[in-house]
1. If you go through region 126-143 one residue at a time, how many are crowded, with 21+ Cβ neighbours inside 10 Å, at pLDDT below 95 and among the aliphatic types (A, V, I, L, M)?
2. Need the failing condition index for Ala102 against (1) hydrophobic (A, V, I, L, M, F, W, C); (2) under 15 Å from the mean Cα position of the chain (by Cα); (3) under 21 Å from Ile167 (Cα atoms), just the number.
3. Out of Val90, Val38, Val81, which single residue is within 21 Å of Trp212 (Cα to Cα), free of Cβ contacts under 8 Å to residues at least 60 places away in the same chain and either of a type in the set (A, V, I, L, M) or out of contact with any strand residue (DSSP E or B) (no Cβ under 7 Å at 6 or more places or on another chain) (or both)?
4. Being touching a strand residue (DSSP E or B) at 6+ places or on another chain (Cβ under 9 Å), under 17 Å from Lys48 (Cα atoms) and hydrophobic (A, V, I, L, M, F, W, C) is the filter; apply it to region 93-125 and report the residue that is surrounded by the fewest Cβ atoms within 10 Å (Cβ to Cβ).
5. Quick check on my filter: what residues within region 44-77 are farther than 23 Å from Val145 by Cβ and part of a helix (DSSP H, G or I)?
6. Please go through region 141-165 and pick out each residue that is out of contact with any helix residue (DSSP H, G or I) (no Cβ under 8 Å at 6 or more places or on another chain) and hydrophobic (A, V, I, L, M, F, W, C).
7. Only one of these is on the phi < 0 side of the Ramachandran plot and either of a type in the set (Ser, Thr, Tyr) or surrounded by 14 or more Cβ atoms within 10 Å (Cβ to Cβ) (or both): Asp183, Asp165. Name it.
8. Quick one: is Leu220 surrounded by 18 or more Cβ atoms within 10 Å (Cβ to Cβ) and not in a helix (DSSP H, G or I)?
Amino acid sequence: MSVGSIKLVQVGERLLRDNDDAATRNRDRLARAGVLTVNLMAAPGAGKTSLIVRTIETVGDRARIGVIEGDIAGSIDAATVLRAGALDAVQINTGGNCHLEANMVDGALDDLDLAGMDILVIENVGNLVCPTHWARGEHLRLCLVGAAEGHDKPIKYPPMFAGSDVIVLTKVDLIDAVGFDRDIFYDAVRALNPRAPIFEVSSRTGAGFGEWSDWLLERLGRLRSA
């Protein structure tokens with residue numbers, strides 16, 4: 001009696017591989033359209049939507065910004081960015097999934113005016129763990145952290161900070177009130193990621209948004225001149 005061979009299927013590896021293939025197609029499509037794409041990742045309540053709104057206001061007519069909003073449920077954030085002046089916005093409700101995946105973004109791109117867009121911000125589901133290993137087709141991975149969350153976030157979530165292209169510390173107007181220690185934060189980030197620029201901003205006061213927006217527009221120019 002012969003016994004058939006056992007075939008092992010590494011589901012996690014296959015899912016990531018399929019996602020990476022879809023992300024590559026998204027990235028190529030966005031590059032051809034000349035749309036700089038930012039994958040914005042942060043914990044719930046860090047201030048992701050507020051960062052987008054203030055960036056739209058600061059950039060003004062220098063760039064047209066579109067947004068893909070990722071949430072478990074609801075469309076509050078999509079409505080908020082449209083009121084703030086976003087060129088276009090698409091809401092993705094994951095129904096429980098803790099992160100956006102490339103195929104979700106692929107579907108959303110069909111509903112966006114890429115021809116009229118300069119920058120696309122993908123606001124990922126609020127989480128500092130799940131989104132880390134899933135590409136969406138972005139050109140930049142942005143990690144946002146609010147001062148009120150504490151200066152130890154890089155120590156607790158090293159993969160997120162190590163894998164980011166840019167890091168934004170927001171709600172800096174609360175630093176003194178919440179006892180945020182810049183030295184501990186910067187030392188921890190630099191131990192993980194010595195190259196990523198760090199911007200300090202306040203969406204409430206507008207502090208730091210000039211420098212942040214100028215850097216973003218410079219990266220747009222670099223993409224289009226490549």
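The values are calculated or read from the model by the stated rules, or taken from the named source; none is laboratory data. Quick caveat, the model's predicted, so the values are computed rather than measured. We place every Cβ from the backbone using ideal geometry, glycine too, and count neighbours over all the protein chains shown.
1. 1
2. (3)
3. Numbers: Val90 fails: within 21 Å of Trp212 (Cα to Cα); Val38 fails: free of Cβ contacts under 8 Å to residues at least 60 places away in the same chain.
Unique residue meeting the criteria: Val81.
4. Val125
5. Gly60, Asp61, Arg62
6. Residue satisfying the conditions is Leu142 alone.
7. Criteria check complete, one pass: Asp165.
8. Details: surrounded by 18 or more Cβ atoms within 10 Å (Cβ to Cβ): yes; not in a helix (DSSP H, G or I): no.
The answer is no for Leu220.
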